[in-house]
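Undergrad: Before anything else, here's the structure in question.
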Amino acid sequence: MLGRNNMSPDRLEAVLMLLMLMVYNASGAFVGINIGTNVSDLPSASDIVSILKAKKIQHVRLVDSDHEMLVALANTGIEVMVGVPNNQLLRMGQSRPTAADWINKNVAAYIPATNITYIAVGDEILTTVPNAALVLVPALQFLQSALLAANLNTQVKLSSPHSMDMISKAFPPSTATFNSTWSSVMLQYLGFLKKTGSSFMLNAQPYYGYVKGQGVFPLEYALFRSLNPNSQIADPNTNLFYTNMFDAMVDATYNSIKAMNFTDIPVMVTASGWPWHSARKEPAADVDNALAYNTNLIRHVLNNSGTPSQPNNQVSTYLFELFSEDLRSGSVSGESWGIMFSNASAVYSLTFEDVATASTDSPALHGMFCVANSSAPHSALKQSLDWACGPGSANCSAIQPGQPCYKPDDIVAVASYAFNDYYHRTQASGGTCNFNSTATISSTDPSHGSCKFAGSTGANGSGMASGPASQDSSASQSQSFWLTWLIAMLLPVLLLM
């Protein structure tokens, strides 16, 4: 029989945390963006927010807690991650009152108008400021106590971004471990994340992995581009195939966490991008590669496909970064990661929406197919295929290994699927079937078996391309519905227990 609500505060907090984690796991991944401040002529806070709205960016990471930005972000609905700069960490980890004062002035004062959901405490502290290592966890604990006192501990989570340099040997991912130098700190840090239901923050930069690898990994692997069948990369211990370096980095982090006997700590990528300019010694840093990487990264994250070893754990990611920071010290490429210049002009065009999930059902194109020209050189087809699956934002999930349209030895068939998907998605807005003269229009349906091309009547007469992306989306929506229903049914009962 239900009686008066006598649930203890600790038990109520645990129930609410469980429900929040259920919703988080069902809601799918997002792509946000970093906003740095090492810019000689940074636009005003209101102008920056206007840019975010125009690009439909709903998640931002600030390197600090700039008050003008927090005011400008009020009532926008944009989720905000604020940061505790490295030079403030020492004071924060040595003084509980200092931590409480920081929370009151930089977080509590702006909620609920500004939707602050995360605090990044320091940035790559263990590898860049090792002398501050011993105060990292105390700082997290003091800040958590302040959030609890302000009754914000369920809305705002705390964590600290780490670089891949924390992992001694990242490949193969299955044997990755954290550098033993930091074992004691990492045990405390992971314990804190587990207790508070927070994410492990990772700065994953395949660009640096590619450069440091000195040719060990192909550029295509770093850019999410399709690999030659003879160049497939697999973990020899698990036989899992990795089509991109980003997934390998995330799985290396999951396995490093597991090696310290922790599980169920999600990984959030707090910085990932690609430089568009460099000195001569960094030839991979150019506009074409930056556009390809960021376009493919956005599509990959929003596909909610997880990673090879964690297929059910989506990886929310903050792109690095909105503006190129011309005042950043170091290499030329270090100043050139932004997708925009400080005058608000674009370095290259980038969309933050999941273009790959757009409908391919164009009635006017039923029975028409954009297919690869079988007489075109394979090298030209490969280049066009990379463009279609990258900047062209075709949904190429059905031509990946294990999927219905995967033909590793038939580049004409594989390219035809990608070209056709792109054409059906974009023809209404000006897309063409040319691909540098490697494609042509055909009325012959190239569908075969369970591989259905857009424009085909197919088994259900819809003409929609089949592939795992739509299945993932449907599964995610179904999961969200049932979890929402379950929460609605259980919450009143739990609160009265």
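Undergrad: Could you look through region 370-381, keep only residues that are without any contact (Cβ under 8 Å) to a residue 40 or more places away in the chain and in a helix (DSSP H, G or I), and pick out the one that is nearest to P446 (Cα to Cα)?
TA: H378
Undergrad: Mind checking which pairs have a first residue in region 323-338 that is in a loop (DSSP other than H, G, I, E, B) and a second that is of a type outside the set (S, T, N, Q) and at pLDDT below 80, Cβ under 8 Å, 6 or more apart or different chains?
TA: S331/A279; V332/A279
Undergrad: Next question, about the same structure. Looking at region 45-71 only, could you name the residues that are farther than 14 Å from L322 by Cβ and either free of Cβ contacts under 8 Å to residues at least 12 places away in the same chain or not polar (S, T, N, Q) (or both)?
TA: Listed by number, the residues that qualify are D64, H67, E68, L70, V71.
Undergrad: Among the numbered criteria (1) modelled with pLDDT under 85; (2) open to solvent by less than 30 Å² (accessible area, probe 1.4 Å); (3) farther than 24 Å from P308 by Cα, which single criterion is violated by T438?
TA: So T438 meets the others, but not (1).
Undergrad: If a residue must be open to solvent by 10 Å² or more (accessible area, probe 1.4 Å) and under 22 Å from L365 (Cα atoms), how many such residues does region 397-415 contain?
TA: 5
Undergrad: Sort out which residues of region 127-140 are within 22 Å of V269 (Cα to Cα) and modelled with pLDDT of 95 or more, and write them in order of number.
TA: Answer for region 127-140, where residues must be within 22 Å of V269 (Cα to Cα) and modelled with pLDDT of 95 or more: L136, V137, A139, L140.
Undergrad: So which of L143, L187 ends up being open to solvent by 40 Å² or more (accessible area, probe 1.4 Å) and among the hydrophobic types (A, V, I, L, M, F, W, C)?
TA: Among L143, L187, only L187 is open to solvent by 40 Å² or more (accessible area, probe 1.4 Å) and among the hydrophobic types (A, V, I, L, M, F, W, C).
Undergrad: So, T295, is that one at pLDDT below 90 and open to solvent by less than 50 Å² (accessible area, probe 1.4 Å) or not?
TA: Against the criterion (at pLDDT below 90 and open to solvent by less than 50 Å² (accessible area, probe 1.4 Å)), T295 qualifies.
Undergrad: Now for a separate question. Can you pull out every residue in region 269-287 that is open to solvent by less than 10 Å² (accessible area, probe 1.4 Å) and not in a loop (DSSP other than H, G, I, E, B)?
TA: Once the filter is applied, which keeps residues that are open to solvent by less than 10 Å² (accessible area, probe 1.4 Å) and not in a loop (DSSP other than H, G, I, E, B), region 269-287 yields V269, T270, A271, S272.
Undergrad: With (1) modelled with pLDDT of 95 or more; (2) open to solvent by 30 Å² or more (accessible area, probe 1.4 Å); (3) among the small types (G, A, S); (4) touching a helix residue (DSSP H, G or I) at 6+ places or on another chain (Cβ under 8 Å) as the list, and S163 as the residue in question, which single condition is left unmet?
TA: Only one criterion is unmet by S163, namely (2).
Undergrad: Would you tally the residues in region 112-131 being of a type in the set (G, A, S) and open to solvent by less than 10 Å² (accessible area, probe 1.4 Å)?
TA: 2
Undergrad: Which condition breaks for H59 when tested against (1) surrounded by fewer than 20 Cβ atoms within 10 Å (Cβ to Cβ); (2) under 16 Å from L319 (Cα atoms); (3) not aliphatic (A, V, I, L, M)?
TA: Going through (1) surrounded by fewer than 20 Cβ atoms within 10 Å (Cβ to Cβ); (2) under 16 Å from L319 (Cα atoms); (3) not aliphatic (A, V, I, L, M) one by one, H59 breaks only (1).
Undergrad: If P138 passes every condition in (1) in contact with a Gly (Cβ under 6 Å, 6 or more places away or on another chain); (2) not in a helix (DSSP H, G or I) but one, which one does it miss?
TA: (2)
Undergrad: What residue, of D123, D64, D101, is under 17 Å from S199 (Cβ atoms), out of contact with any His (no Cβ under 7 Å at 6 or more places or on another chain) and acidic (D, E)?
TA: D123
Undergrad: Further question on the same structure: Polar (S, T, N, Q), within 30 Å of N373 (Cβ to Cβ) and at pLDDT 55 or above: which single residue out of S462, S456, S466, S470 fits that description?
TA: On the way: S462 fails: at pLDDT 55 or above; S466 fails: at pLDDT 55 or above; S470 fails: at pLDDT 55 or above.
Criteria check complete, one pass: S456.
Undergrad: Check region 215-232 and report whether any residue there is open to solvent by 50 Å² or more (accessible area, probe 1.4 Å), without any contact (Cβ under 8 Å) to a residue 24 or more places away in the chain and of a type in the set (A, V, I, L, M, F, W, C).
TA: Yes, region 215-232 has at least one match.
Undergrad: Is region 146-153 home to any residue that is crowded, with 18+ Cβ neighbours inside 10 Å and more than 26 Å from the chain's Cα centre (by Cα)?
TA: Yes, the conditions are met somewhere in region 146-153.
The values are calculated or read from the model by the stated rules, or taken from the named source; none is laboratory data. Here the structure is a predicted model, which is why all the values come from computation and not from measurement. Because the Cβ atoms are built from the backbone with ideal geometry, glycine has one as well, and the counts that use them run over all protein chains shown. Heads up: the accessible areas ignore ligands, DNA and RNA and are worked out on the full protein's heavy atoms, side chains in. Shrake-Rupley method; radii C 1.70, N 1.55, O 1.52, S 1.80 Å.
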